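Inspection log for the structure reproduced underneath, given as structure tokens.
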Amino acid sequence: MVYVFKTSISSQMKAKTLNKHLEEIKEIEQWNFDLEDCDNILRIVADKLDTTNIINLLTSFGFDCKELD
């Protein structure tokens with residue numbers, strides 16, 4: 001399943017600050033940022049994911065994050 005999040009991450013440098021933390025979440029198979037999209041999209045591939053954990057992670061670093069349908 002692909003989970004899609006709208007974020008306030010606006011640069012690759014800011015996205016890199018999350019790499020280590022996303023790698024530590026064992027449920028995540030893949031992730032990528034689409035910073036050319038107006039919503040600065042974070043896509044995560046996982047069979048099952050607690051999206052609240054992702055939102056809380058980004059929020060703890062000062063970023064806005066909202067799951068999109």
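The values are calculated or read from the model by the stated rules, or taken from the named source; none is laboratory data. In this text, all values refer to a predicted model and were calculated from it rather than measured experimentally. No Cβ is skipped: glycine too gets one built from the backbone with ideal geometry, and neighbour counts run over all protein chains shown. Surface areas here come from the heavy atoms of the whole protein model, side chains and all, with no ligands, DNA or RNA. Shrake-Rupley method; radii C 1.70, N 1.55, O 1.52, S 1.80 Å.
General remarks:
- Here the strands (runs of 3 or more DSSP E) wholly within the chain that include at least 3 residues being surrounded by 13 or more Cβ atoms within 10 Å (Cβ to Cβ) and of a type in the set (Val, Ile, Thr) are 41-46.
- For the residues Asp69, Asp34, the requirement of being modelled with pLDDT of 95 or more and among the acidic types (Asp, Glu) singles out Asp34.
- Candidates Phe5, Phe61, filtered to the one that is of a type in the set (Phe, Trp, Tyr) and within 9 Å of the chain's Cα centre (by Cα): Phe5
- Every pair of residues 6+ apart whose Cβ atoms lie under 9 Å, when the first sits in segment 11-28 and is within 14 Å of Phe61 (Cα to Cα) and free of Cβ contacts under 8 Å to residues at least 12 places away in the same chain while the second is open to solvent by 100 Å² or more (accessible area, probe 1.4 Å) and aliphatic (A, V, I, L, M): none
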